[in-house]
Amino acid sequence: MNVNLGNVFDSFVADLLKTGLYQSQSEVVREGLRLLKEREELKQLRLAELRKEISRSEEHTSELQSLRH
């Protein structure tokens, strides 16, 4: 895979390499992708929780409406 990161990210990666925390560009990119994957998984979990909450709210609303009639 060949990826063009652009000047801003190229500089960012170079700066991270200079710190010695990362040994290669690939290592930096893998860490970034790992964090992105984690964030996306958390978003999916939150979305699932919101959908459950909406469903419970709709059920509660339906129950209240049936009691009124």
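The values are calculated or read from the model by the stated rules, or taken from the named source; none is laboratory data. From a predicted model like this one, the values you see are computed outputs, not experimental measurements. Note: ideal-geometry Cβ built from the backbone for every residue, glycine included; neighbour counts use all protein chains shown. Just so you know, the surface numbers come from the protein's heavy atoms only, side chains and all, with ligands and any DNA or RNA stripped out. Shrake-Rupley method; radii C 1.70, N 1.55, O 1.52, S 1.80 Å.
I need the full set of residues from segment 4-19 which are open to solvent by 80 Å² or more (accessible area, probe 1.4 Å) and part of a helix (DSSP H, G or I), in order please.
The answer is Asn7, Val8, Phe9, Phe12, Asp15, Lys18, Thr19.
I need every pair where a residue in segment 48-69 that is at negative phi has its Cβ under 8 Å from the Cβ of a residue that is open to solvent by 100 Å² or more (accessible area, probe 1.4 Å) and not in a loop (DSSP other than H, G, I, E, B), sequence separation at least 6 or different chains.
Hits for this filter: zero, empty list.
Which numbered condition trips up Tyr22, out of (1) in a helix (DSSP H, G or I); (2) modelled with pLDDT of 95 or more; (3) open to solvent by less than 100 Å² (accessible area, probe 1.4 Å); (4) not basic (Lys, Arg)?
Of (1) in a helix (DSSP H, G or I); (2) modelled with pLDDT of 95 or more; (3) open to solvent by less than 100 Å² (accessible area, probe 1.4 Å); (4) not basic (Lys, Arg), only one is false for Tyr22: (1).
Quick check on my filter: what residues within segment 16-69 are among the charged types (D, E, K, R) and closer than 18 Å to Val3 by Cβ?
Listed by number, the residues that qualify are Glu27, Arg30, Glu31, Arg34, Lys37.
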